[in-house]
Amino acid sequence: MLTLPSSGKNLTIKAAGKVTQEIEDGARVSLSVKLALNYGGQIPILTRDLDLCQLMADDDDIETKCPVEKEKVFTLSKTVGIPQTPAKGKYVILVDAYTKDKKRITCIGAELVL
């Protein structure tokens, strides 16, 4: 679980990994952000299905571009701004990435408490 020390600051998320299968045009990434409720439920805040290669091409924070060869080791760093007055609570973030053949590339889950 990641606890943010204060609002209105930048949050940098870093990841590193080794690609076990080639990532090429047609790969997808699904992003889901939900606000966790005290009684156990969750409220969806954001749901996106994106073209992974297009995302990598358009984002200056992502140095690796498609195609990504099998066995390549790369790092990813993404900085996002936290609003000055966000809704307080625990946010559940899920990211799933798939090849064009719908084989899972990775699944990342995180919790952020504001």
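The values are calculated or read from the model by the stated rules, or taken from the named source; none is laboratory data. A quick note: this is a predicted structure, and the numbers were derived from the prediction, not measured. Heads up, the Cβs are rebuilt from the backbone with ideal geometry, glycines too, and the neighbour counts pull from every protein chain shown.
Would you mind finding the one in 92, 68, 113 that is under 12 Å from residue 22 (Cα atoms), surrounded by 11 or more Cβ atoms within 10 Å (Cβ to Cβ) and among the β-branched types (Val, Ile, Thr)? None of the others qualify; the one that does is 68. Contact annotation: no residue pair with Cβ atoms under 7 Å, 6 or more positions apart or on different chains, pairs a residue in the stretch 86-101 that is closer than 24 Å to residue 50 by Cα with a partner that is outside any strand (DSSP E or B) and of a type in the set (Phe, Trp, Tyr). Would you call residue 16 within 15 Å of residue 74 (Cα to Cα), of a type in the set (Gly, Ala, Ser) and either at pLDDT below 90 or over 15 Å from the mean Cα position of the chain (by Cα) (or both)? Taking the combined requirement at face value, the residue satisfies it.
Quick one: which residue in 77, 30 is within 16 Å of residue 11 (Cβ to Cβ) and surrounded by fewer than 16 Cβ atoms within 10 Å (Cβ to Cβ)?
Answer to the check: 77.
Report yes if residue 25 is of a type outside the set (Gly, Ala, Ser), surrounded by 13 or more Cβ atoms within 10 Å (Cβ to Cβ) and over 20 Å from residue 109 (Cβ atoms), otherwise no.
no
Can you find a residue in the stretch 63-70 that is outside any strand (DSSP E or B), polar (S, T, N, Q) and touching a residue at least 12 places away in the same chain (Cβ under 8 Å)? So far as the stretch 63-70 goes, yes, one or more of its residues are outside any strand (DSSP E or B), polar (S, T, N, Q) and touching a residue at least 12 places away in the same chain (Cβ under 8 Å).
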